[in-house]
Amino acid sequence: MRPFELRRAASVDDAVLLGASSPTAQQGATVRYLAGGTTLLDLMKLDVEHPAHVVQIGHLGLDRIETAPDGGLSIGAMVRNSDLAHDERVRRGYPVLSQALLSGASGQLRNMATTAGNLLQRTRCVYFRDPHMACNKRAPGSGCDAMEGYHRNLALLGTSEHCIASNPSDMNVALVVLEARIHVAGLHGGRQIPIANFHLLPRDTPHIETPLAAGDLITHVTLPPLPPGTRSGYLKLRDRASFEFALASCAIVLRLDGGKVEEIRIGLGGVATRPWRAVQAEHMLVGQPLTMAAITAAAAVAMQDAVPRPGNAFKVELARRCIVEAIGNLAGEELQ
Ligand code: SF4
């Protein structure tokens with residue numbers, strides 16, 4: 001690991017200044033905030049990340065879960081994944097989030113990983129972690145050895161000719177269907193970013209993954225309340241039952257009225273370069289009786305733009321089945 005300067009922020013405002021004021025911050029991502037450290041320290045040891053300055057923020061009081069004035073939930077940036085998954089308000093009101101969190105990583109990692117850290121974990125593949133391999137995300141313009149390499153865990157949706165890595169987070173897929181808002185403190189004050197705008201497509205700049213600027217610090221995430229009668233759930237398909245990324249996953253928010261779909265939100269993980277919302281498939285189902293035929297047709301539409309490669313073409317059908325199963329599980333006997 002290369003030498004770096006460790007700084008301890010005195011407050012959120014101080015953290016923003018430390019994050020933005022370093023001379024090297026203007027030249028690139030050479031300042032990093034240290035949250036749970038489960039990704040950052042790992043990548044620093046591999047010499048993939050080599051910040052000149054690391055700013056500690058774990059002691060700033062950003063670790064509370066509170067009921068929001070609108071009846072939703074406010075989740076501090078430093079809330080641990082395990083604490084969030086087991087919070088009674090999350091388990092009862094947002095089961096899709098609890099289930100997604102508990103399907104991610106291992107118990108030990110969930111005890112350290114934070115809400116903001118999970119949001120910001122790198123969209124990456126195995127080649128990103130190996131400095132000897134070409135990777136446009138790690139070294140812009142160097143190429144992408146994954147294109148002709150090992151594809152099993154790589155994306156089919158939202159890819160570009162420069163990067164096909166899939167976003168590895170389970171939590172992010174749940175947050176997409178919960179329509180979370182990311183609250184950020186920055187040099188010019190605070191702002192909110194809808195999660196739909198938070199994770200960027202790789203396009204020709206895969207090294208830029210979010211709209212955050214130097215000094216921007218995530219302070220908390222808010223979840224709007226869900227209307228009464230809304231149910232939600234998460235289904236993750238993977239090579240082994242624990243400590244494994246999704247081959248395909250599906251987060252669903254569903255509200256039925258007399259067997260018809262009043263509202264449905266479909267999120268996909270493991271198959272896209274960012275947490276994916278299958279909007280067109282949702283539109284097909286709203287207002288319609290929830291039948292197996294309708295769900296199957298919507299699942300096909302959700303994957304119609306997939307760009308498969310030899311090693312991951314099987315995930316088109318896997319993702320379709322994941323969607324069908326996830327919706328069917330939630331609908332139960334109301335499936336017509
Ligand atoms: Fe890098 Fe993306 Fe290519 Fe993986 S898929 S090697 S992260 S550019």
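A few points about this structure:
- At R0 = 45 Å, FRET efficiency that the Cβ-Cβ distance of residue 88 and residue 314 yields, to 0.05: 0.70
- Inter-label distance for residue 130 and residue 41, nm, one decimal - labels placed 7 Å from Cα along Cα-to-Cβ: 2.6
- Anchor residue 137: lysines whose Cα lies under 21 Å away (excluding residues fewer than 8 positions away in-chain): 45
- Net +/- balance of residues flanking residue 247 in space, Cβ distance below 10 Å, scoring K and R +1, D and E -1: +2
- Fraction of accessible area attributable to carbon and sulfur, the chain (%, probe 1.4 Å): 52
- Between 147, 171, 78, the residue with the greatest mean-square fluctuation in the GNM of the chain (Cα pairs under 10 Å linked by springs) is 147.
- For the chain, the calculated P(r) over all alpha carbon pairs, in 10 Å bins from 0 to the bin holding the longest distance, is 6, 26, 34, 24, 9, 2, 0 percent.
- Where labels lie 7 Å past Cα in the beta-carbon direction, separation of residue 201 and residue 286 in nm: 2.1
- Here the peptides 267-274, 218-225, 115-122 are ranked by packing, the mean other Cβ count within 10 Å, and the order with the highest first is 267-274, 115-122, 218-225.
- Cα shape, region 146-227, gyration tensor, a/c 1.5 rule: oblate
- Pair-distance distribution P(r) for region 231-334, from all Cα-Cα distances in 5 Å bins starting at 0: 2, 13, 26, 26, 17, 10, 5, 1, 0 percent.
- Heavy atoms of the protein chains alone define the surface here; on that basis the chain has 44 Å² accessible area per residue at 1.4 Å probe size.
The values are calculated or read from the model by the stated rules, or taken from the named source; none is laboratory data. Predicted model only: the values in this text are computed from it and were never measured. Note that each Cβ is placed from the backbone with ideal geometry, even for glycine, and that neighbours are counted across all protein chains shown. Calculation scope for accessible area: heavy atoms of the full protein, side chains included, ligands and nucleic acids excluded. Shrake-Rupley method; radii C 1.70, N 1.55, O 1.52, S 1.80 Å.
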